[in-house]
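Working notes for the structure below.
The values are calculated or read from the model by the stated rules, or taken from the named source; none is laboratory data. Just so we're clear, the structure is a prediction, and the values are computed from it rather than from any experiment. Please note: Cβ atoms are built from the backbone with ideal geometry, for glycine as well, and neighbour counts cover all protein chains shown. To get the accessible areas, we keep the full protein, side chains included, count just its heavy atoms, and leave off ligands, DNA and RNA. Shrake-Rupley method; radii C 1.70, N 1.55, O 1.52, S 1.80 Å.
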Amino acid sequence: MTYKTERTIVVGDITISVRTSDRTTMDLDVTTIGQVIVRGPHHTTDAQASDLARRRRRWIYQQLTCIADTRPNNPIKVLETGEEFPVLGQPHRLRVVPDTQQIEPALHHLDPGTRCCISMRHSTAEKLHKARQGLINFYAATGQEWLKIIDLQIAARSRNTGIPVSFSTRLRTTRARHHPTRGLTLHWATIQLDELLLHELIHRTLNLHTIADSHQLDHALRSLWLGDLTTAE
C-alpha cells in the first residue's frame, strides 16, 4: 500500500510514525527493527493516534522488549584477570585467585584500592564451562541480594503487595517475566543494567509508569553479556 502522508509524533517516550492512506480503519504495529507505526485513514488526527498508542502501551513495550531479547549484540568476554564485567552498571574487574583464598567459585570483592572486583577461584577459571556457570551464579546471587534492598519498593508500586520477585538462571528467551501467581522473574544478566534501567525494566514488565528512557533500556538489553566466554590467546 502506498501511503500519501506520513508524520511523526511522540507519546511519552515512544516515537510513532503516523501513516495515512485510503484505508478506512486504524491499526498499530511494531516492526522487527523496533519502529512503532500507526496506520489510519486520511482524517486520522494526532490525538487519535496518541490515544491508540496509549491504549496499546503495554503491548508496544512487550514487543520492544521481545525485539531487544531476540537481537542481542551478544558480546564475548575474555576469561583473564582484568576483564570487566558490569554489575548494576558499574565495571567490575575479574581477578583469578588461588583456591585457598575462597570457597565460592566467584565472589564480589574490593581490592586495596577500593575498586570493585569479581574474584574467581583458579580451579574455576581453568575450565570455560565452570567459569561461565560460576559467573552466571554470581550474577543471580548478586541480584537476589539487591532484591532484599528494593523488594518493598516493588511491592509498594505493584497492585499485588505480596508479589514474589527473583532472579533466574533458567530464563532463555526473555529478560523479565510476570506470572499472575509465580510473580516477577528476572533474567540473571539483567543485574548488569544500571540500577535506574533495571527499575525501568521492572516497571515495564509490571505495566507501571515509565521512570527512564525506554530506548536506552532497549539498547542496554541488547548489550548484556549472556555468558559467552573465550580464553586469552
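Overview of results
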{"quantity": "Complete set of residues in region 9-42 that are part of a loop (DSSP other than H, G, I, E, B), out of contact with any Ser or Thr (no Cβ under 8 Å at 6 or more places or on another chain), under 21 Å from Q216 (Cβ atoms) and open to solvent by 50 Å² or more (accessible area, probe 1.4 Å)", "calculated": "T32, I33"}
{"quantity": "Filtered residues of region 202-216 (kept if free of Cβ contacts under 8 Å to residues at least 40 places away in the same chain and of a type in the set (A, V, I, L, M))", "calculated": "I211, A212"}
{"quantity": "Pairs with Cβ under 8 Å, 6+ apart, first in region 9-24 and under 19 Å from A212 (Cβ atoms), second part of a loop (DSSP other than H, G, I, E, B)", "calculated": "G12/T210; D13/T210; D13/D213"}
{"quantity": "Failed condition for R54, given (1) more than 20 Å from A212 (Cβ to Cβ); (2) modelled with pLDDT of 90 or more; (3) open to solvent by 70 Å² or more (accessible area, probe 1.4 Å)", "calculated": "(1)"}
{"quantity": "Scope region 124-152; condition touching a Ser or Thr at 6+ places or on another chain (Cβ under 6 Å) and open to solvent by 60 Å² or more (accessible area, probe 1.4 Å); matching residues", "calculated": "K130"}
{"quantity": "Members of region 191-213 found to be within 13 Å of L88 (Cβ to Cβ), in a helix (DSSP H, G or I) and either at pLDDT below 90 or open to solvent by 50 Å² or more (accessible area, probe 1.4 Å) (or both), listed by number", "calculated": "E195, L196"}
{"quantity": "All positions within region 89-142 that are of a type in the set (G, A, S) and closer than 18 Å to D194 by Cα", "calculated": "G89, A140, A141"}
{"quantity": "Filtered residue count, region 214-225, keeping only those that are open to solvent by less than 40 Å² (accessible area, probe 1.4 Å) and either closer than 14 Å to A189 by Cβ or modelled with pLDDT of 85 or more (or both)", "calculated": "6"}
